[in-house]
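Notes follow the structure.
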Amino acid sequence: EAQVTQNPRYLITVTGKKLTVTCSQNMNHEYMSWYRQDPGLGLRQIYYSMNVEVTDKGDVPEGYKVSRKEKRNFPLILESPSPNQTSLYFCASSSPGSGEQYFGPGTRLTVT
Amino acid sequence: DAKTTQPPSMDCAEGRAANLPCNHSTISGNEYVYWYRQIHSQGPQYIIHGLKNNETNEMASLIITEDRKSSTLILPHATLRDTAVYYCIVRVPPLIIKAAGNKLTFGGGTRVLVKP
């Protein structure tokens, strides 16, 4: 089954404690993105990758890092989480020839 | 990407067709119409897209007016599981403009409530 998986699905953590949210897709897609969704602000792109070892900042990259060492994985790293990073996070993947994006189930992060 | 206008909410009876309108009067010639939906707090889900011809798949039908300034997404037999926010997006497909990893920008969408 074609899918994007994220882990963990829920996470409560404290300010400053480094964390990683993993994202994996099984569709051999070149493009992958991370979004955050906050009430009233819609989906905002954090980082994206257009292929292995090719990443770039999206609209709200501050406080986040990513890596793309393998085509299927695109982890999101919060080196020192802060309460304003409390949000619902989605990973997405797609191929260059398709307008269809596949989204993961989401990770609800709370930073206290 | 062209701006779209959708009604903020609508109700639909279970088993009936749901017709979701979208206005995109500034659409340009190479922009497609895409529809996604998001069931509460789940990841957005692609539904359908089209350029100028009507399209149909297993989920829905997309009717685009001849002047392409508006479109309608039709869910032929709405179920309770179709309750979601539906987003109409107009954009150049990623094959033509390779930017931002195929970033999607959602507007306000239409909150659809399917009632028994």
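The values are calculated or read from the model by the stated rules, or taken from the named source; none is laboratory data. Being a predicted model, the structure only gives us computed values, none of them experimental. Reconstructed Cβ throughout: ideal geometry from the backbone, glycine too, with neighbour counts over all protein chains shown. The protein model used for the area step is the full one, side chains on, heavy atoms only, and it has no ligands, DNA or RNA in it. Shrake-Rupley method; radii C 1.70, N 1.55, O 1.52, S 1.80 Å.
Values for this structure:
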quantity: Condition check for A:Gly42: touching a Leu at 6+ places or on another chain (Cβ under 6 Å), open to solvent by less than 40 Å² (accessible area, probe 1.4 Å), of a type outside the set (Lys, Arg) and closer than 30 Å to B:Asn57 by Cβ; calculated: no
quantity: Selection within the stretch A:17-30 - open to solvent by less than 10 Å² (accessible area, probe 1.4 Å) and over 25 Å from A:Val111 (Cα atoms); calculated: A:Gln25
quantity: Failed condition for B:Asn19, given (1) within 14 Å of another protein chain (Cβ to nearest Cβ); (2) among the polar types (S, T, N, Q); (3) touching a Ser or Thr at 6+ places or on another chain (Cβ under 6 Å); (4) touching a residue at least 12 places away in the same chain (Cβ under 8 Å); calculated: (1)
quantity: Qualifying residue in the stretch B:19-30 (condition: within 10 Å of the chain's Cα centre (by Cα) and of a type in the set (Ser, Thr, Tyr)); calculated: no
quantity: Qualifying positions in the stretch B:73-97 - among the aliphatic types (A, V, I, L, M) and either closer than 23 Å to A:Pro96 by Cβ or open to solvent by less than 20 Å² (accessible area, probe 1.4 Å) (or both); calculated: B:Leu73, B:Leu75, B:Ala78, B:Ala84, B:Val85, B:Ile89, B:Val90, B:Val92, B:Leu95, B:Ile96, B:Ile97
quantity: Subset of the stretch B:29-48 (residues that are touching a residue at least 60 places away in the same chain (Cβ under 8 Å) and open to solvent by 30 Å² or more (accessible area, probe 1.4 Å)); calculated: B:Asn30, B:Tyr32
quantity: Selected residue (criterion: surrounded by the most Cβ atoms within 10 Å (Cβ to Cβ)) from residues of the stretch A:56-112 that are aromatic (Phe, Trp, Tyr) and more than 14 Å from A:Ile46 (Cα to Cα); calculated: A:Phe103
quantity: Filtered residue count, the stretch A:1-15, keeping only those that are within 12 Å of chain B (Cβ to nearest Cβ) and in a strand (DSSP E or B); calculated: 4
quantity: Residues located in the stretch A:16-43, provided they are at the interface with chain B (Cβ under 9 Å from one of its Cβ atoms) and within 20 Å of A:Leu88 (Cβ to Cβ); calculated: A:Met32, A:Ser33, A:Tyr35, A:Gln37, A:Gly42, A:Leu43
quantity: Subset tally (residues that are open to solvent by less than 30 Å² (accessible area, probe 1.4 Å) and of a type in the set (A, V, I, L, M)) for the stretch A:46-55; calculated: 1
quantity: Residues of the stretch B:38-72 that turn out to be in a strand (DSSP E or B), farther than 15 Å from A:Gly99 by Cβ and not aliphatic (A, V, I, L, M), as a count; calculated: 5
